[in-house]
Amino acid sequence: MKKFLKTTSLLLMCSLLLAACGNLQNSSLSSGGGDSSKSSSVQTTSASDSSNYDVLLSGGKYKTSPISGLTAADNSNQFNSRSFESGLMNLSKKQFSTNSYVFQEGQVLSASTVKDWLARKSKKNASGLNPESNGSTAADKRAPMYFQQMLEEDYLQKQDGKYKLAGMSIGIAMNKIDYYQKKQYGATYKTTISTEEQKAQGERVAKEVVQRLRKDSKVGNIPIVVGLYSVAPKDTLVGGTYFQYAVSKSDDLGSWSTLNYKNQMLPTVNGDTAISSSDSDAFSNFKDHIQNYFPNLSGVTAQAHYDGTNLKSMDITINTQFDGLAQVTSFTQFVQQSATKYLPSGADIDINIQTVDNQQAVVTRTNGKFYSHVYDAN
């Protein structure tokens, strides 16, 4: 599981970089929306298909965001990370065309700034966007930490030979459950936040974030996509989802659009009803088929991602108990054939084949095309 979590947390970055066909274009980078005298040599990857962004590289290197991974409080559900990132990029594609913009992880917001914003408001931290403590530790009386995490994505366009910041997307992760301790290293308690309160607090935070960003000269009046994300609780086996977004083109945030994204574990657990019985049956048939072929599998599970009742993608994990290269290669081929036959045809698919300690192979279907790779195979 640890190996899988590491793999999935890097899939967004890998998909951007591996989609590059190796054709790099040289240019120079302006760090803001206007002209800049300080520029550095940059390159862009060329995406292998029009559904992906070209990625901006600086000095031949991928630049990571300084705010990546910063959170207001602990939440051990690592599935949130991938959903938070990939979901924001999908929202960005609604506003910033993959044919007109190149992607870079956020470079405007600093770690120190975001740490202050994620903290509680106090006399020492007037910029805190979580409410000031009221002194109570009772679950139903304390002021919870609503604002959990923040993500920035930058979208640039080439103007006068330089890449300039032309759009930005901001992800704002809001808690449904706030975990806390009454004393350091003590027992963990939780405050449940209603859907209405989560929405209201998210809109408050988003409005303030946009107003603060507009004061930054690097941002100016560029379009800003703002998505509100509901953080999945610790004890769930899927990540959270974005529940609404807005596009700001001035100091105002703009009107909100409601999203109907859902994630579900397959096979369903805790008595959950399947979002789509046909998708659930299709996965069960796939699972049974490969387990009949190789009975010594220790588990086959999936995360199904929906827009309403429409299946958008499926992430499948297959845990094996064999290490032989011939077995892994044969099994990977069989998994791809089985996925073609049994799994829903319209959705993107990622299948990770692994042991407890090692990633063995991956099978993917993107835009209807299957690809597979067996690790450590010559």
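Taking the alpha carbon gyration tensor of the chain, multiplying each eigenvalue by 5 and rooting it gives semi-axes of 35, 29, 18 Å, largest first.
Assuming a viscosity of 0.692 mPa s and a temperature of 37 °C, what translational diffusion coefficient in µm² per second does Stokes-Einstein assign to the stretch 236-352, Rh being the Kirkwood radius over Cα pairs? D = 205 µm²/s.
Remark: the stretch 220-227, residue by residue, has Karplus-estimated 3J(HN,Hα) of x, 10, 5, x, 10, 8, 10, x Hz, where x stands for each Gly or Pro and the curve is 6.51 cos²θ - 1.76 cosθ + 1.60 at θ = phi - 60°.
Modelled label positions at Asp140 and Asp252, each set 7 Å beyond Cα in the direction of Cβ, lie 4.0 nm from each other.
Report the local net charge at Gly171: Lys and Arg +1, Asp and Glu -1, summed over other residues whose C-beta lies under 10 Å from its C-beta. Combined, the nearby Lys, Arg, Asp and Glu give -3.
Rounded to the nearest angstrom and listed largest first, the equivalent-ellipsoid semi-axes of the stretch 119-273 from its Cα gyration tensor are 31, 22, 13. Each listed q (0.13, 0.21, 0.22 Å⁻¹) maps to a log10 I(q)/I(0) for the stretch 58-121 from the Debye sum over equal C-alpha point scatterers, namely -0.49, -1.09, -1.14. Taking the square roots of 5 times each eigenvalue of the Cα gyration tensor of the stretch 130-190, largest first, gives ellipsoid semi-axes of 41, 11, 9 Å. With the convex hull constructed from alpha-carbon coordinates only, the stretch 214-298 shows a mean projected area of 9.4 nm² over all directions.
Calculated mean residue ellipticity at 222 nm for the chain: -8500 deg cm²/dmol, from DSSP H runs with n ≥ 4 weighted as -39500 (n - 2.57), summed, divided by the residue count and rounded to 500.
Descending by average beta-carbon neighbour count within 10 Å, the peptides 160-171, 224-235 line up as 224-235, 160-171, the highest first.
Remark on the stretch 42-187: hydrodynamic radius 17.3 angstrom, per the Kirkwood mean of 1/r across alpha carbon pairs.
For the stretch 268-321, the per residue solvent-accessible surface stands at 47 Å², with DNA, RNA and ligands left out and a 1.4 Å probe. Looking at the stretch 104-247, the accessible area is 45 square angstrom per residue; that uses a 1.4 Å probe and ignores ligands, DNA and RNA. Using the empirical formula 2.2 N^0.38 Å as the baseline, the Cα radius of gyration of the stretch 275-336 reaches a ratio of 1.25. The accessible surface of the stretch 187-345, taken with every protein chain in place and a 1.4 Å probe, is 45 percent carbon and sulfur. Inter-label distance, Thr309 to Ser97: 3.5 nm, where each label sits 7 Å from its Cα along the C-beta direction.
The values are calculated or read from the model by the stated rules, or taken from the named source; none is laboratory data. This one's a predicted model, so the numbers in the text were calculated from it and none came from an experiment. For neighbour counting, all protein chains shown are included, and Cβ atoms are generated from backbone atoms with ideal geometry for every residue, glycine included. Note: areas computed on protein heavy atoms with side chains; ligands, DNA, RNA excluded. Shrake-Rupley method; radii C 1.70, N 1.55, O 1.52, S 1.80 Å.
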